[in-house]
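K.L.:
Mind looking over this structure? Questions follow.
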Amino acid sequence: MPKHSPISLPQRSTQPYSARQELPKLPHVGRSPDRVDGVDKVTGQTQYTDDLPFAGWYGATVRTPAARGTVTAVRFLEGPNWSEFAIVTAKDVPIHAQSVHAPDTSHGPSEGGHDTAVDLNIVQLIARDQPYLVRDAFRHKHEPVVLLAHPDRDIVAWAATKVLVLCDELPVILDHRVDPRPDQVQHGADNVLKAIGLRKGAGEDDAQLDAVFAAAPVVVHGEYDTGAQEQAYIEPQGMIAQVWLSAHDQHRPGWPSHPFRVRVQGSLQCPYYVHTAIKHLCNLPDELVEIAQVATGGGFGGKEDFPSIIAGHAVLLAMKARQPVKIIYDRVEDMLATTKRHPCTTYLRTAMDNTGKLLALDARVRMDGGAYVTLSPVVLSRGTIHAAGPYEIPHVRIDAKAMLTNTPPNGAFRGFGAPQTIFAMERHLDVCADRLGLDPAEVRRRNLVQVGGTLATGQVILEPVQLRAWLDRGLAAIDWVDKRSHYKVFNDLQVADGLPLRKGVGLATFMHGCGFTGSGEVNLASKCKVRAAKDGVIEICTANTEIGQGAQTVFAQVAADALGLELQDIRVIQPDTAQVPNSGPTVASRTAMVVGHLVARACDDLVRRMEDGGALAQARPKAMDYARPSKQSDGRGGSWQADDLRQAVAQVAGHPVMGEGWSEYEPPPGVIWDDVAYKGVAYGTYGWAVYLADVQVDTTTMEVKVLDFVALQEVGRVLHPTLAIGQIAGGVVQGLGWALLEEVTLDAQGAMKNANLTSYVLPTMADVPTIRVLFEEQPYAYGPFGAKGIGELPMDGPGPAVANAVAMALGCHVPAIPATPEKLLRWSTLSA
Amino acid sequence: MGNTGDSSGPCEATHARRIVVCRLHVNGEPVAVAVPAHWTLLEMLRYQLGLVGSKQGCDKGDCGACTVRVAGDPVLACITLAVACDGHYVETVEGLGVGGEPHPLQRAFAERGAAQCGFCTPGMLMSAAHYLDALAVADAPIVSTDAIARALGGNLCRCTGYTKIFEAVAEAAHEVVDRSALLAGGDL
């Protein structure tokens, strides 16, 4: 009887982890303690939004039946007893109200200016163009028109099918690559939601750039397409709203005439985004709106902007029903109505010398923004900045536009524009290598930026990048040179013998900027609070949400090591705007790096206040026995005996000065960005990566099997190796899905045809290999204990790495993803 | 099945919604539950019995988040009628531990970071538990990558890339195989 299995498992480890470089050992950071939310999650005790005890009504949404037009009538058909329902339409929401707040500047200066009279029926984000409910004109199918609430969740879902929305249709535009006809224009003069120009060197002047191209020995053109992608968090979107009207308004129908209180709980990434949106919708001051995050079953950007809309709907229904209202989307509604990754078309023209050195890059990027502005300007921005990759290119011209189309708005999705343009550049470099007869790895080696080099924005790289060494390590890990030669022989033999298998390896080298782009972090001005609790525990109060990535666990690790205490001395508070300051959204690879750093600095502040106030007068000092957290944080808690510090913490609990520590974002020195010229330090730091894919294609079915995948990245200090590996592997598989399986298909009305998980295919365990995750660690001086962001980076590389591997295997160009079997058949037939 | 044969929807059914009584064992406890005849097992577990550990991820049997065990077999509770489970033993994530102790799978999931957002975890655990039980009674138990991938191939996870889940299941499976070998008088 066989006793032992053929599987060898990596050692489970709570020991200090280190990549190749020896970093100072820390008591918690760099180790892998069990995650703080782990036990509840594996025992089924964690309560998500739809699991919370709830006594109230259930909401449902009636949506537009066409892509563009004007609603002419709403008919309530026979069947439901309509008197039992709360029914809300745009008519219930006032158009003009005297706004009670200052403009929202978290995305920079408000583009619409600040009016004193505002339409409350507008989702407050970057622009003011998207309504909560269609008033008359609409711009996409499945746009919300009528809201229903009822005490029975079955009945309300059925009743929603008994409301008929009648409309006059108008001409639609569904292709972001073409300019609109006059009758298709719906935004400005040309449907351009945002345009960005980035220039470097001769790229500043069209004639000079043309001269560079004219003189270049090798010029390569290419056009690359990436498709929409559904975030596909496994927990669908959901919100619960409760409203307390003033006594004056309680028995009065219509919009409240006096201030009221609102509380929303739900599945979301960014409590303060929802807070901003709801206070505008309800025209209430900050303190009357409370937004609390409930355990959230995945986000990936899909719960960044859209939750504001569901929250608004639940609030409107709760106001009408005078009951708490819960809205839970089912999977179909979630996929039909919520955001996707922006489809993108990138045209590239590169000039190279005969050795493969890049002389110039000329790029045109067009993203599909969907029907409203939403987050497209900032998605486009990240896409533009990442388009030139981690390469030193003397002359660059990038023109990028986000275009309006009549599909549901595309929104935030892990990577936020960067995976799209990185796919184009990385695929293009393989095409260039082919043209030059060079190894694709060699072309990259000759162009990777080095210390002192400049990126496309003019940012000089000062951190000690060693991209060529990291490239070598990645190549060795996948056995690049041998596989390339063996696979060429293998493929030739398969062809000669009439056999169907083909093999290939592919790679991508790339970077991902950590935190908000440019002046974004300065505009956010994030704040963090820590407070002493009566039981001697220090509570971490941030608005940053645990969405699976392990935010609560790494905050606890950072705080413990910043204070010289243990994990059980730290409690991370569940984000609730009534409890926590605005530390910004949980997006942009910023939570561990930016907010984790704020946590360390707030811990310093708490200890400093206790020192200044005399709370540590009796405490015994001790020598700091490990490194300070960062250049802006001294980790001074570690200079006191832990027992004495604990005792003092219990004593200052509730003290107005000594009981709290605060921090506010301060940019690292030299981080200066010019948002008009698009020049300067786009990000304080970057994660750097080399991803490699090894694939086999069966040309009978064109099924691509990923045999091996190596994800090597430099992400500063790795705070929690187990969580980091998990997050990277998850991002890689999400990227593989985007590259090979996940295809959003639209009908003639711009609505998703395959809005279900049967025909929109996600990777399963049977589809992917074990992802091999490797780290390099170059501590970043302005991240907690040297950490950088890692959340989005793994989404960038798998698409081009796997497409390049498939291109090698099939010997054909792979200009677009998802590279589905149908497309591979077409491309390989065309090239043969 | 369904709501009294009236296809026009649940609203009409409120007047004549057929209620059926299901008698079954849930996590070892005998229960008798009155549910609308058209309800699924998932609705009965979540709305009637308060067992909200099993999740609704897609409502179409695609994602596996609702996976529970009925008569030992993994079943998609969102597309299984409650009445179809009459007389059966149903096991959910809430009943996975034994005598207050976590199941070896739960321990392995927690220690290896296999639960990230956690929403797929209950269903993932139930599929894995079935795989482990089958392994324990196999004549020649072998832990293989393919068998684990097959056993869990119907459970979608969007966070982990499956690497950590695979490790956790493989670790628990190794324990099962080692225990079988021990019971069989092996020379461990």
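K.L.:
Compute the length gained on full extension between A:Thr745 and A:Thr161: take 0.36 nm times their separation in residues and subtract their Cα-Cα distance, giving the result in nm to one decimal.
P.N.:
207.9 nm
K.L.:
Treating only the Cβ of Lys, Arg, Asp and Glu as charged (+1, +1, -1, -1), what charge dipole size does chain A show about its Cα centre? Round to the nearest 20 debye.
P.N.:
So the dipole magnitude of chain A works out to roughly 540 debye.
K.L.:
Given H placed on each backbone N at 1.01 Å, which residues far from A:Asn191 in sequence or on other chains put an amide H within less than 5 Å of it?
P.N.:
A:Gln186
K.L.:
Rounded if a/c is under 1.5, else prolate if a/b is larger than b/c, else oblate: which is region A:531-575, with a ≥ b ≥ c the root eigenvalues of its Cα gyration tensor?
P.N.:
oblate
K.L.:
Per-residue ellipticity at 222 nm for chain A, helices alone: DSSP H runs ≥ 4 residues times -39500 (n - 2.57), over residue total, nearest 500 deg cm²/dmol?
P.N.:
Result for chain A: -8000 deg cm²/dmol, rounded to the nearest 500.
K.L.:
Just to be sure I understand the model, the point goes 7 Å from the Cα along the line to the Cβ. What's the resulting A:Asn354 to B:Arg179 distance in nm?
P.N.:
It works out to 7.0 nm between the two label points.
K.L.:
What does the extension gain come out to for A:Ala642 and A:Val460, with contour length at 0.36 nm per residue minus their alpha carbon separation?
P.N.:
Value of the extension gain: 61.3 nm.
K.L.:
With Cβ to Cβ distances under 15 Å as the rule, what net charge do the other residues near A:Ala433 carry (K, R +1; D, E -1)?
P.N.:
The answer is +2.
K.L.:
Moving on to the next point. Give me the 1.4 Å probe accessible area per residue for region A:147-283, excluding ligands and nucleic acids, in Å².
P.N.:
For region A:147-283, the solvent-accessible area averages 40 Å² per residue.
K.L.:
Rolling a 1.4 Å sphere over the protein heavy atoms, what is the accessible area per residue of region A:750-807, to the nearest Å²?
P.N.:
For region A:750-807, the solvent-accessible area averages 21 Å² per residue.
K.L.:
OK, next. Between chains B and A, what is the buried accessible area in Å², counting both sides, with a 1.4 Å probe and ligands, DNA and RNA left out, to the nearest 100?
P.N.:
The summed interface area works out to 5500 Å².
K.L.:
Provide the convex hull volume over Cα atoms per residue for chain A, in Å³.
P.N.:
184
K.L.:
Something else: Using a basic spin-label model with each label point 7 Å from the Cα along Cα→Cβ, how many nm lie between A:Arg608 and A:Asp175?
P.N.:
6.0
K.L.:
So, one more: Would you work out what percent of the accessible area of the protein assembly as shown, with all protein chains in place, is carbon or sulfur (probe 1.4 Å)?
P.N.:
Accessible surface attributable to carbon and sulfur in the protein assembly as shown totals 53 percent.
K.L.:
Would you kindly state the longest site-free stretch of chain A, with sites defined as GluC sites (Glu not before Pro) in a DSSP loop (not H, G, I, E, B) surrounded by at most 16 other Cβ atoms within 10 Å?
P.N.:
Longest run free of exposed loop sites: A:112-565.
K.L.:
If DNA, RNA and ligands are ignored and the probe is 1.4 Å, what is the ranking of A:Ser8, A:Ser257 by accessible area, most exposed first?
P.N.:
Heavy-atom accessible area, descending, gives A:Ser8, A:Ser257.
K.L.:
A follow-up question, please. Express in nm, to one decimal, how much length is gained between A:Ala117 and A:Val100 on full extension, taking 0.36 nm for each residue of separation and deducting their alpha carbon distance.
P.N.:
5.2 nm
K.L.:
Below 10 angstrom from the Cβ of A:Thr517, what's the summed charge of the other residues (Lys, Arg +1; Asp, Glu -1)?
P.N.:
With Lys, Arg at +1 and Asp, Glu at -1, the net is -1.
K.L.:
Rounded, prolate or oblate, given the Cα gyration tensor of region B:10-95, with a/c below 1.5 counting as rounded?
P.N.:
Oblate shape, in that a/c is at least 1.5 and b/c is the bigger or equal ratio.
K.L.:
Enter the mean projected area of the convex hull around the alpha-carbon atoms of region A:526-664, in nm², rounded to one decimal.
P.N.:
Seen from a random direction, the Cα hull of region A:526-664 projects 7.6 nm² on average.
K.L.:
Also: Go ahead and collect, in residue order, the members of region A:793-832 whose backbone nitrogen is under 14 Å from a label point 7 Å along the Cα-Cβ direction of A:Gln494.
P.N.:
Once the point is set 7 Å along Cα→Cβ of A:Gln494, A:805-812, A:825, A:828 turn out to lie under 14 Å by backbone N, inside region A:793-832.
K.L.:
Provide the net charge surrounding B:Ile79, with neighbours chosen by a C-beta distance below 9 Å and charges set as Lys +1, Arg +1, Asp -1, Glu -1.
P.N.:
0
K.L.:
For region A:583-633, how big is Rg over Rh, using alpha carbon atoms and the Kirkwood form of Rh?
P.N.:
A ratio of 1.10.
K.L.:
Out of the chymotrypsin sites (Phe, Trp or Tyr not before Pro) in region B:106-149, which ones are loop residues according to DSSP with at most 16 other C-beta atoms within 10 Å?
P.N.:
none
K.L.:
In debye to the nearest 20, how big a dipole does region A:526-664 give about its Cα centre with +1 on each Lys and Arg Cβ and -1 on each Asp and Glu Cβ?
P.N.:
Around 240 debye, computed over region A:526-664.
K.L.:
For region B:104-183, count the residues as N, evaluate 2.2 N^0.38 Å, and divide the Cα radius of gyration by that value, please.
P.N.:
1.03
K.L.:
Another question about this same structure. Tell me the label-point distance for the pair B:Ala84, A:Leu830, using the 7 Å Cα-to-Cβ offset, in nm and rounded to one decimal.
P.N.:
Roughly 4.5 nm, to one decimal.
K.L.:
Just which residues of region B:112-135 lose 50 Å² or more accessible area with every protein chain there, against their chain alone, with the probe set to 1.4 Å?
P.N.:
B:Arg112, B:Gln116, B:Cys117, B:Phe119
K.L.:
Something else about it: Which whole-Hz ³J(HN,Hα) couplings does region B:120-136 yield from phi under the Karplus relation 6.51 cos²θ - 1.76 cosθ + 1.60, θ = phi - 60°, glycine and proline marked x?
P.N.:
Couplings: 7, 4, x, x, 4, 5, 5, 5, 5, 5, 5, 4, 5, 5, 5, 5, 5 Hz.
The values are calculated or read from the model by the stated rules, or taken from the named source; none is laboratory data. Every value quoted in this text rests on a predicted model; they were computed, and no experiment measured them. Every residue, glycine as well, gets a Cβ built from its backbone with ideal geometry; the counts of neighbours run over all protein chains shown. Side chains are part of the model used for accessible areas, which takes the heavy atoms of the whole protein and leaves out ligands, DNA and RNA. Shrake-Rupley method; radii C 1.70, N 1.55, O 1.52, S 1.80 Å.
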